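Throughout, read-outs are computed from the coordinates displayed, never taken from laboratory work. Values in this document were obtained by computation on a predicted structure and should not be read as measured data. Here the Cβ positions follow ideal geometry from the backbone for every residue, glycine too, while neighbour counts run over all protein chains shown.
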Amino acid sequence: MKSSQFIIILVLSLMIIITVGLPAFSACTIFMASYGDTVLFANNEDYTNPRTYYWVIPSGGGKYGGLYLGFDNLVPQGGINEKGLCFDGNSVPEVPLNSNPERLTPSKWVVSIIMEECATIEEAISKAKQYNWGHSIKYQIFMADATGDAVVISPGPNGELAFTRKEKGEEYLISTNFNRANPNSGGYPCWRYETAEKMLKKIKSEEDLTVEYFKSILDAVHRESASLNTVYSNIFDLKKGIISLYHFHQFDEVVVLNLAEQLARGSWCNRIGDLFSQQTVDNAFIEHWKYQGKIFINSNSFFLTIVLTWFFLTLGSLIFLIWKLTQRKSVSWGAKILWIVATIYLGPFGLLSYLLSYRHLKYSPDSKIVMASPLRAFGSTVFDVAGFALGINIAFLIVFLFSSYIEAGGPLGITIIFGLAFIIGLFIFHAPLIAYFTDKPYLMTIKQRLLAEILSMNFVWVGLAPVSALLIILLNRYSIFTSSLKGMEILVFWGITSLSALAGMVTAYPYNLWTSFCGYSIWPFLVLGKKEIVKGEERKLILLLKDSWRVLLLSFFFLIASIAIIIMIVS
């Protein structure tokens, strides 16, 4: 098989892993109301990112402390300071702004400066007018204070900032995703605005203005779909400094925070989901991934069933393999290690590889090995995947031991896991076994096999990495196994590795099929050892760059595509 033919086959085989993400547009509903001594401010954060956080910046240096809400990039989407000034924002159609070089250039986002230095809406408006907001703006900022005053700061039709104030005598102010200063620019009319306004008009007295009623409004206008969801909701009591939080439009459970108490703890950050019960977190997780169409589950018992079913299949395969190995005395210790490790991670597929290999290989020096190239490719794939699976599991353990410093689902954790997996797979598993079977020095083996190992690693990781990253993130971010598999962390780690290894087999097999047809297969050596290979079956072990550079480029192309998928998963 020529490399050009292989490329065609590989492209067709691996295109199924390439997915195209569709853009999502954010939407939020923000409103406030004041009656007597009660001032409430509420927001639904409608977005695509489920990784929500809250954090505290304490006062100091003449700046006000505050609690902020947002996502894992820690850019504040909303918040409240110790004086009762609060804000949140809506996306609106982008509008160019006039150049105002005479105004101050902010060292950071102007809203962050306002929250640190202002206590009232009057001060906030004055501060906003002092700064240059850039060349264009595609959002509006809703701000309110403890006196009941409120304003929406948005781009005006004349290229300057516009300030839509809550007029005296009005009890409420609302903003959604049309520009309050220029509704004709897009997004108007809005059903969420109309729903919120209709419900706010029913408030006739201070007794009607309650957190429970505000919660009902948030529930009435929340979003849920495959492209957009209300990922958190908040209600601020601006006079009392009380914050009510809701996770992923699960309005049956509320977490109440006292701003003064939170500020007293100093600077810190935490996930919003960590505040809620496991049931609420699980419900949010199930709903999100069901809408995304990526995973359909009804409960954590689904994962438990999958993991345990595969575990018992693997255990049965391993027991049968060990029984067969005890009967076949001619199998070397190196081969036994290979078959056992392969079966531990690949279950019945590892056992199948063993059975097919020894069924087709003849032990007489006068006989020809009649193992077909597709079976050689299958065996070589099992060898490749087994080594990297062992490496990734050991890397899992190392990162888990240092989980206080490394987040397994974060970019650093994923990089360390896969970096260690390559080192362990090549230098501790693959190279020693190949050196043993071929009677070559260890360092020479690494030198001769490095190109082939890089290629096999690339193609294994094309499938293994995205699946493993997804499962790591689900485990870390959503704690999906916590309630059902408490105390079974080792089994969970093995399950993640094994499922990922199966995906790696799918993407690595076309590459090993090519090497087998081209005469580079390592598999006969791994099964029998060099001394027992019959004449004519001494396949080349050194893969030359001049013969494989096209395939090498293709491997990196698919690896980059795989990394892009991981980035999509992480983001």
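A few notes on this one:
- Ordering of 504-513, 269-278 by burial proxy (mean other Cβ atoms within 10 Å per residue, highest first): 504-513, 269-278
- Difference of contour (0.36 nm per residue) and Cα-Cα distance, Lys198 to Asn158: 11.3 nm
- Rounded if a/c under 1.5, otherwise prolate or oblate - the stretch 88-133, Cα gyration tensor axes: oblate
- Burial ranking of peptide ranges 333-346, 159-172 (average Cβ count within 10 Å, highest at the top): 333-346, 159-172
- For the stretch 27-277: relative contact order, % (alpha-carbon pairs under 8 angstrom, 6 or more apart): 27 percent
- Ordering Val111, Ser34, Val256 by the projection of their Cα atoms onto the charge dipole of the stretch 27-277, which places +1 on the Cβ of Lys and Arg and -1 on the Cβ of Asp and Glu, puts Val111 at the extreme positive end.
- The peptide list 461-468, 258-265, put in order of mean Cβ contacts within 10 Å with the highest first, becomes 461-468, 258-265.
- Computed magnitude of the charge dipole of the stretch 27-277 (debye, nearest 20; Cβ of K, R +1, Cβ of D, E -1): 460 debye
- In this rough spin-label picture, where each label sits 7 Å from Cα along the Cβ direction, the Asn49-Phe402 distance is 2.6 nm.
- Members of Lys166/Lys204; Lys168/Lys215; Lys83/Lys240; Lys201/Lys240 lying beyond 19 Å, as alpha-carbon distances in this model show: Lys168/Lys215; Lys201/Lys240
- Debye, to nearest 20: dipole size of the stretch 167-217, +1 on Lys, Arg Cβ, -1 on Asp, Glu Cβ: 220 debye
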